[in-house]
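None of the figures in this text is laboratory data; all of them are computed from the coordinates on show. Small disclaimer: the values here were computed from a predicted structure and weren't measured. Note: ideal-geometry Cβ built from the backbone for every residue, glycine included; neighbour counts use all protein chains shown.
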Amino acid sequence: MLRISAGLLSVLRCPVTGSALTQDGGELLSTVPGPMGAPMRYRIDNGIPVLLPTSR
């Protein structure tokens, strides 16, 4: 698992909530709940954040 750098995390924002993102394993999570009341989750593919909601 690749870690996203602190510098990149400081500029990335959730496209749904506009909140900052934190890394949790192979995913990024929004720091503000999304429309369903839970944090938005975004996968990381080969070290590249994919800012499209996962289908859970």
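Data table
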item: Packing rank of 5-13, 26-34, where each peptide gets the mean count of other beta carbons within 10 Å, highest leading; result: 26-34, 5-13
item: HN-Hα J in Hz across the stretch 37-46 - Karplus 6.51, -1.76, 1.60, θ = phi - 60°, x for Gly and Pro; result: x, 10, x, 6, 10, 9, 7, 10, 10, 6
item: Cα-centre dipole for the chain with unit charges at Cβ (Lys and Arg positive, Asp and Glu negative), debye to 20; result: 40
